[in-house]
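Novice: Just dropping this structure here.
The values are calculated or read from the model by the stated rules, or taken from the named source; none is laboratory data. Quick caveat, the model's predicted, so the values are computed rather than measured. Reconstructed Cβ throughout: ideal geometry from the backbone, glycine too, with neighbour counts over all protein chains shown. Heads up: the accessible areas ignore ligands, DNA and RNA and are worked out on the full protein's heavy atoms, side chains in. Shrake-Rupley method; radii C 1.70, N 1.55, O 1.52, S 1.80 Å.
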Amino acid sequence: MPDISNISFLDRVRAILSDLPASERRLAQFTLDFSGDLSSYNASELASLAQVSNATVTRLIRRLEYANYEAARKQIRSERTDDSFTPVNSPLSPGETTLHSHLQESYSKLGNTYRHLSQSALLEASQAISRARQVWLIGLQANYFLAGHFHWHLSKFMPGVRLIPGAGQTVSEYLTDIQHQDVLIIFDLHPRASPMPELIQHLEARCADIVLITDQDYKERPKTRWSLPCQPGREQLPDNSVAVASLSHLLLSEVLKARGADRRDESAQELAAAEALF
């Protein structure tokens, strides 16, 4: 039997993905989409988040040739290497200087974003998103692809997630569908659409629970319930969206954790209710 101990977890999953039964394939695709968060969850939590049974997790782990789920988690942790930035002391070629400069700029944006991020706002927003009746993703013009990326990931593990406006439509056409039990996630970063502050005022009249992802230096930033500012790109194009991409991933990860916690609470309540009958 060939030695597969040096094959990464993700490479093992990719190698068998197309041959898996439906439920295992759904779980495998989930692990590929959220690979960075897998080591944070036990087998039952992973099954709940991927909407499969515990037995499905066990079957997939065995198919990947791990002794058990903990062995897989151990390898996943070991593969999350430290990519922290280290200064370069040796002389750089012109090409290396360009790469180094871009890397420095990206790390600077990430550092500034996380230094000014409110942990309480992040946790409150993620919990509200996880419990919402409906989650609306909004981004105008250049921000539409940022909202679309977030929508694609969030809709993988949550029902009731919508990206607006649709082609040829405006956000105003959806106002009557938005309710107070909903959460709005708005991407409003440079270059921004000029009518967004007025639009947010109209949206607040329908739903107060607004998560606003915007620039740190935006002086006219609306005072929404949860503001998650990040370091902007330069004025010239193309924008460096590394900070908003990282912030989006962080928020998605926290929503995943909140969803897992909510489901454990629901299971405990159901068990208590059942025990009260006897």
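Novice: Quick check on my filter: what residues within the range 60-82 are touching a helix residue (DSSP H, G or I) at 6+ places or on another chain (Cβ under 6 Å), of a type outside the set (S, T, N, Q) and in a helix (DSSP H, G or I)? Walk me through it before giving the result.
Specialist: Start the filter on the range 60-82 by keeping residues that are touching a helix residue (DSSP H, G or I) at 6+ places or on another chain (Cβ under 6 Å), which leaves 60-61, 64, 66, 69, 72-73, 75-77.
Adding the requirement that they be of a type outside the set (S, T, N, Q) leaves 60-61, 64, 66, 69, 72-73, 76-77.
The answer is Leu60, Ile61, Tyr69, Ala72, Arg73, Ile76, Arg77.
Novice: Within the bounds of the range 46-54, is there any residue that is of a type in the set (Ser, Thr, Tyr), in contact with a helix residue (DSSP H, G or I) (Cβ under 6 Å, 6 or more places away or on another chain), in contact (Cβ under 8 Å) with a residue 60 or more places away in the chain and part of a helix (DSSP H, G or I)?
Specialist: Yes.
Novice: Residue under question is His249, and the condition is that it be of a type outside the set (D, E, K, R), closer than 30 Å to Ser39 by Cα and open to solvent by 30 Å² or more (accessible area, probe 1.4 Å); does it hold?
Specialist: For His249, the condition - of a type outside the set (D, E, K, R), closer than 30 Å to Ser39 by Cα and open to solvent by 30 Å² or more (accessible area, probe 1.4 Å) - is met.
Novice: Return the total of residues in the range 103-121 being open to solvent by less than 30 Å² (accessible area, probe 1.4 Å) and either of a type in the set (D, E, K, R) or in contact with an Asp or Glu (Cβ under 6 Å, 6 or more places away or on another chain) (or both).
Specialist: Matching residues across the range 103-121 total 1.
Novice: Take the residues in the range 165-205 that are within 25 Å of the chain's Cα centre (by Cα) and open to solvent by 50 Å² or more (accessible area, probe 1.4 Å), then tell me which one is nearest to Leu123 (Cα to Cα).
Specialist: Looking at residues that are within 25 Å of the chain's Cα centre (by Cα) and open to solvent by 50 Å² or more (accessible area, probe 1.4 Å), I get Gln181.
Novice: Taking Ser126 as the residue in question, decide whether it is within 13 Å of Leu252 (Cα to Cα) and either more than 15 Å from the chain's Cα centre (by Cα) or in a helix (DSSP H, G or I) (or both).
Specialist: Yes: the conditions hold for Ser126.
Novice: Out of the residues in the range 133-144 that are at pLDDT 95 or above and crowded, with 21+ Cβ neighbours inside 10 Å, which is farthest from Pro159 (Cα to Cα)?
Specialist: The qualifying residue farthest from Pro159 (Cα to Cα) is Ile138.
Novice: With the condition kept exactly as written, say whether any residue in the range 215-228 is touching a Ser or Thr at 6+ places or on another chain (Cβ under 7 Å), of a type outside the set (A, V, I, L, M, F, W, C), open to solvent by 30 Å² or more (accessible area, probe 1.4 Å) and modelled with pLDDT under 90.
Specialist: yes
Novice: Okay, moving on. Just to be sure, is Arg73 under 24 Å from the mean Cα position of the chain (by Cα), loosely packed, with under 13 Cβ neighbours inside 10 Å and within 26 Å of Met158 (Cβ to Cβ)?
Specialist: no
Novice: Scan the range 20-44 for residues that are at pLDDT below 90, more than 16 Å from the chain's Cα centre (by Cα) and over 16 Å from Gln75 (Cβ atoms) and report the count.
Specialist: Number satisfying all stated conditions: 2.
Novice: Kindly indicate which of Leu17, Leu110, Leu99 is out of contact with any helix residue (DSSP H, G or I) (no Cβ under 8 Å at 6 or more places or on another chain) and at pLDDT 80 or above.
Specialist: The unique qualifying residue is Leu99.
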